[in-house]
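The values are calculated or read from the model by the stated rules, or taken from the named source; none is laboratory data. Note that the structure is predicted; figures quoted are calculated from it, not measured. We place every Cβ from the backbone using ideal geometry, glycine too, and count neighbours over all the protein chains shown. What goes into the accessible areas is simple: the full protein's heavy atoms, side chains included, and nothing from ligands, DNA or RNA. Shrake-Rupley method; radii C 1.70, N 1.55, O 1.52, S 1.80 Å.
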Amino acid sequence: KSAKVLYIPGNHDIVFKDGFDMTPYLNHIGPDRFNVKIGDVMLTGINTDYIKYSEGSQEEIEQIQWLKSSLANKDEGEISILFGHHPFFLSSPDEPEEYFNIRPENRSTYLEIFRNCKVDAVFCGHKHDNSVSADGNMPVVTTSAIGKPLGQAPSGFRVIVVTNGKIHHAYLTPEQVPASRKELIRMVAEQ
């Protein structure tokens with residue numbers, strides 16, 4: 001079977017020569033956001049570089065409009081999962097800004113959109129370490145890196161499984177991945 005591959009940019013995908021420039025990414029990789037439905041799951045990816053480094057820009061304003069419109073297409077009973085490179089927060093929605101999160105004032109704008117549009121979970125990266133928190137009932141999960149972890153988590157990746165209307169996820173090292181897809185789904189769904 002083939003797998004659909006969806007991309008979103010991270011901080012190393014930007015050119016900062018003469019200002020903020022996403023052109024190389026857009027030209028070589030493709031769109032910097034996505035919204036797809038797979039069965040009863042809606043997956044939305046956004047460019048958090050606009051939020052972190054280009055706040056208030058025309059690109060960020062357009063992305064907010066696109067995001068609201070995309071998330072409004074959630075059907076009744078559908079699970080909505082959002083992906084972004086930069087975590088909105090690591091421990092608490094009201095934590096101060098630092099290198100690894102989004103500025104609180106801008107963060108609150110997005111968290112309000114997520115709540116209003118009934119996003120069920122948010123998954124991010126950037127920190128190169130694991131962090132699991134929540135905004136109310138909405139999990140906000142930051143995943144480490146397979147290439148160069150910087151914290152306590154070993155080299156690995158996160159697997160997300162949606163079954164029976166519930167989101168399950170687990171951080172795995174390559175050695176922990178079972179031989180079959182069925183085993184992997186069962187293993188993650190049981191955690």
Pop the C-beta distance of residue 180 and residue 76 into the FRET formula with R0 = 41 Å and round what comes out to the nearest 0.05.
0.80
In whole Å, how far is the Cα centre of the stretch 14-52 from that of the stretch 66-114?
15
Put +1 on the Cβ of every Lys and Arg and -1 on every Asp and Glu Cβ in the stretch 1-96; which of 8, 53, 93 then has its Cα farthest towards the positive end of the dipole?
8
Chymotrypsin sites (Phe, Trp or Tyr not before Pro) within the stretch 76-106: which are DSSP loop residues with at most 15 other Cβ atoms inside 10 Å?
99
Theoretical gain in end-to-end length, residue 40 to residue 108 [0.36 nm per residue, Cα-Cα removed]:
21.7 nm
Expected sort for 168-174, 15-21 on mean C-beta neighbours within 10 Å, highest first, is 168-174, 15-21
Kindly provide the GluC sites (Glu not before Pro) of the stretch 33-80 that DSSP labels as loop, not H, G, I, E or B, and whose Cβ sees at most 11 other Cβ atoms within 10 Å.
76
If a paramagnetic tag sat 7 Å from the Cα of residue 152 along the Cα-Cβ line, which residues of the stretch 97-118 would have the backbone N under 20 Å from that point?
100-101
At 0.36 nm per residue, and after removing the present C-alpha to C-alpha distance, how many nm does the segment from residue 11 to residue 62 gain when stretched out fully?
16.4 nm
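Expressed in nm to one decimal, what extension gain is obtained for the pair residue 99 and residue 173 from 0.36 nm per residue of sequence separation less their Cα-Cα distance? Show your work: numbers first, answer last.
Details: separation 74, 0.36 × 74 = 26.64 nm, distance 2.59 nm.
Length gained between residue 99 and residue 173: 24.1 nm.
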Counting only protein heavy atoms with a 1.4 Å probe and every protein chain in place, the carbon and sulfur fraction of the accessible surface of the stretch 128-174 in whole percent equals 52
Listed residue (39, 82, 102) projecting farthest to the positive dipole end of the stretch 10-102, Cβ model
39
Please find, in a Gaussian network model of the chain (springs between Cα atoms separated by less than 10 Å), the residue of 160, 51, 29 whose mean-square fluctuation is greatest.
29
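Suppose every K and R has +1 on its Cβ and every D and E has -1 on its Cβ; what is the size of the dipole of the stretch 4-138 about the Cα centre, in Debye to the nearest 20?
300
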